[in-house]
1. Filter the trypsin sites (Lys or Arg not before Pro) in region 72-112 down to the DSSP loop ones having no more than 14 other Cβ atoms within 10 Å, then list what survives.
2. What whole number of Å gives the distance from the Cα centroid of region 18-91 to the Cα centroid of region 105-149?
3. Collect residues whose amide H, placed 1.01 Å from N in the peptide plane, falls under 5 Å from the amide H of Tyr98; neighbours closer than 5 in sequence don't count.
4. For the chain, taking Cα atoms only, what is the radius of gyration to one decimal and the Dmax to the nearest whole Å?
5. What percent do you get for the relative contact order of the chain when only Cα pairs under 8 Å and 6+ apart count?
6. Enumerate the amide H contacts of Arg120 below 5 Å, restricted to partners 5 or more residues apart or on another chain; note that Pro and chain-start residues carry no placed amide H.
7. Is it possible to state the helix-based mean residue ellipticity at 222 nm for the chain, with each DSSP H run of 4+ residues giving -39500 (n - 2.57), the sum divided by total residues, to the nearest 500 deg cm²/dmol? What is it?
8. About the Cα centre of region 36-106, how large is the charge dipole given +1 on each Lys and Arg Cβ and -1 on each Asp and Glu Cβ? Please answer in debye to the nearest 20.
Amino acid sequence: MPLELTILVGTMTGTAQLVAQELELVLDDENTRVQTRLMDGLDERAFDSGGLFLICTSTYGQGDVPDNAKALYEALQTARPDLSRVYYGVIALGDMTYAETYCNGGKRFDAILADLGAKRIGELMLHNASAGTLPEEVALEWALPWIEQCREILPLTA
């Protein structure tokens, strides 16, 4: 039975979407089925079926989630669904030039998901746009061991 992964993308400029598409290309195989969805128009029901999610989001403005992710983020805060059947990882894109709000888009999703009972697998991946590295390459290096960790944890909980 393949692992089902849903990548939810919060983006303003398309960088997070590019990262998610690269991950889907590499991770989608006979062992893992990957579906990438932009957060546009999503609300708390995106998590109704439970399962494994990867939040891939940039940070915008004063440390906010991107515009296309606001409705989902606010719905989670307002509806406060039980996410105890949700497992997740976070790829947070940011820029260390803005130290106080570095990767806050991803950190905000991490905080609300954990608060609602979802279980994070692994550490957050934080990408610094000022580092001179390509976010999709850094994300792939992080995602390969992460998906293995998911495979070890999830069959036990299925």
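1. Numbers: sites: Arg85, Lys107, Arg108; in loops: Arg85.
Of the trypsin sites (Lys or Arg not before Pro), the ones in loops of region 72-112 whose Cβ has at most 14 other Cβ atoms within 10 Å are Arg85.
2. When both Cα centres are located, 11 Å separates them.
3. Here the answer is none, since no amide H 5 or more places off falls under 5 Å of that of Tyr98.
4. Rg then Dmax for the chain, in Å: 14.4, 44.
5. On the way: 307 pairs, mean separation 36.5, N = 158.
Relative contact order for the chain comes out at 23 percent.
6. Tyr88
7. Details: 4 runs with 58 residues, N = 158.
Value at 222 nm, helices only: -12000 deg cm²/dmol.
8. Values: 5 positive and 10 negative charges, 49 e Å.
Computed charge dipole of region 36-106: roughly 240 debye.
Readers should treat all values here as calculations from the given coordinates under stated rules, not as data from a laboratory. Quick caveat: nothing in here was measured; it's all calculated off a predicted structure. Positions of Cβ are generated from backbone atoms using ideal geometry, with glycine treated the same way; all protein chains shown enter the neighbour counts.
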